[in-house]
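Here the structure comes first, spelled out in structure tokens, and everything after it is commentary.
The values are calculated or read from the model by the stated rules, or taken from the named source; none is laboratory data. The shown structure was predicted, so the numbers you read here are calculated from the model rather than taken from an experiment. Glycine gets a Cβ as well: all are built from the backbone with ideal geometry, and neighbour counts include every protein chain shown. The protein model used for the area step is the full one, side chains on, heavy atoms only, and it has no ligands, DNA or RNA in it. Shrake-Rupley method; radii C 1.70, N 1.55, O 1.52, S 1.80 Å.
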Amino acid sequence: MSAQAPVKRITAPQIAARKGATPIVALTAYTAPMAALVDSHAEVILVGDSLGMVVHGLPSTIGVTIEMMIMHGQAVMRGSHRAMVVIDMPFGSYEESPQQAFRNAARVMAETGAGAVKLEGGSRMAPTVRFLTERGIPVMGHVGLTPQATHTMGGFKTQGRETDSWPAHLQDAVDVAEAGAFSIVVEGVVEALADRITDAVPVPTIGIGASARCDGQILVLDDMLGMTGRVPRFVHRFADLGRAADDAIAAYAAAVRDRSFPAEANVYR
């Protein structure tokens, strides 16, 4: 009997071809077990720099290092087999120059085997996106609210509430798409602006706090599973695993204290 053919991973061109088709399902994952759960349901797994806050307890994404992204990227690649894995380039690893971005992105790709990297920033980052894509590194763009720039934005503020800011956001997306990005995350913008961006670019938009009309959606996995604290308005909690885990831990602690655990079934004779 012949061995079953291995599952082929989804590629950047396949994601790009989904423009206007069935919505793209994307989620974050940071560990092999969670990646294994997501893999059969999502087309894209993002190893987001949100791992700094979700996994490591940092106050923001600013302290995330490229070594952290590589370590978690390797774990997610080991846990998944089908979905395209995209890895965030952390703050300070790509902004200095296209050459710096290429060196670090090439390292991330080589050491993890991931399918693409993601860069935050609009028109100002378009030359870097072009530099990478011309050298064989698929790039997912990220416009609108860019968490790595919250210090200059004045915090996590919804973008596009004033319509006179729309042309700049639209130009950001158009320039990143023209530079070669195969898809663009649109984060934290008013719905009508997200719709305009989706209509304006030839590549899929992946919304987070944007619009249902985007070509796909992404959420932080731990947020949608109810494993984190207060979440933004745009997050829908599809489960409350945090409460379930707390109940289970409390039950374990009680069982240890009243010596009902370990029970007969849990010891060796």
Residue by residue through the range 104-126, note down the ones that are more than 13 Å from the chain's Cα centre (by Cα) and charged (D, E, K, R). ARG107, GLU111, ARG124
Does the range 222-240 contain at least one residue that is at pLDDT 95 or above, more than 23 Å from ALA36 (Cβ to Cβ) and acidic (Asp, Glu)? no
The range 241-269 - residue that is of a type outside the set (Gly, Ala, Ser) and surrounded by 13 or more Cβ atoms within 10 Å (Cβ to Cβ) and, of those, nearest to GLU187 (Cα to Cα): LEU241
Please tell me if ALA244 is of a type outside the set (Phe, Trp, Tyr) and either under 28 Å from PRO127 (Cα atoms) or touching a residue at least 60 places away in the same chain (Cβ under 8 Å) (or both). no
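What's the total number of residues in the range 65-89 that are under 23 Å from PRO147 (Cα atoms) and either touching a His at 6+ places or on another chain (Cβ under 9 Å) or open to solvent by 10 Å² or more (accessible area, probe 1.4 Å) (or both)?
Total satisfying the criteria: 8.
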Report yes if some residue within the range 10-21 is within 24 Å of ILE184 (Cβ to Cβ), of a type in the set (A, V, I, L, M, F, W, C), touching a Phe, Trp or Tyr at 6+ places or on another chain (Cβ under 7 Å) and not in a helix (DSSP H, G or I); otherwise report no. no
Determine whether the range 49-58 contains at least one residue that is out of contact with any Lys or Arg (no Cβ under 9 Å at 6 or more places or on another chain), open to solvent by 30 Å² or more (accessible area, probe 1.4 Å), in contact (Cβ under 8 Å) with a residue 60 or more places away in the chain and under 21 Å from THR128 (Cβ atoms). no
Within the range 40-69, count every residue that is under 14 Å from the mean Cα position of the chain (by Cα), more than 12 Å from LEU221 (Cα to Cα) and part of a helix (DSSP H, G or I). 3
Of those in the range 202-218 that are under 18 Å from the mean Cα position of the chain (by Cα) and open to solvent by 30 Å² or more (accessible area, probe 1.4 Å), the residue nearest to ALA32 (Cα to Cα) is GLN217
Does ILE62 satisfy the condition of being modelled with pLDDT under 95 and closer than 21 Å to LEU145 by Cβ? yes
Residues being closer than 20 Å to GLN148 by Cα and more than 18 Å from the chain's Cα centre (by Cα): count how many of those fall in the range 178-191. 1
Residues of the range 219-240 being open to solvent by less than 80 Å² (accessible area, probe 1.4 Å), aliphatic (A, V, I, L, M) and out of contact with any strand residue (DSSP E or B) (no Cβ under 7 Å at 6 or more places or on another chain), in sequence order, are MET224, LEU225, VAL231, ALA239
Here are ASP195, ASP199: which of them is surrounded by fewer than 20 Cβ atoms within 10 Å (Cβ to Cβ), free of Cβ contacts under 8 Å to residues at least 24 places away in the same chain and touching a Cys at 6+ places or on another chain (Cβ under 9 Å)? ASP195
Mind checking whether some residue in the range 95-113 is open to solvent by less than 10 Å² (accessible area, probe 1.4 Å) and not in a helix (DSSP H, G or I)? no
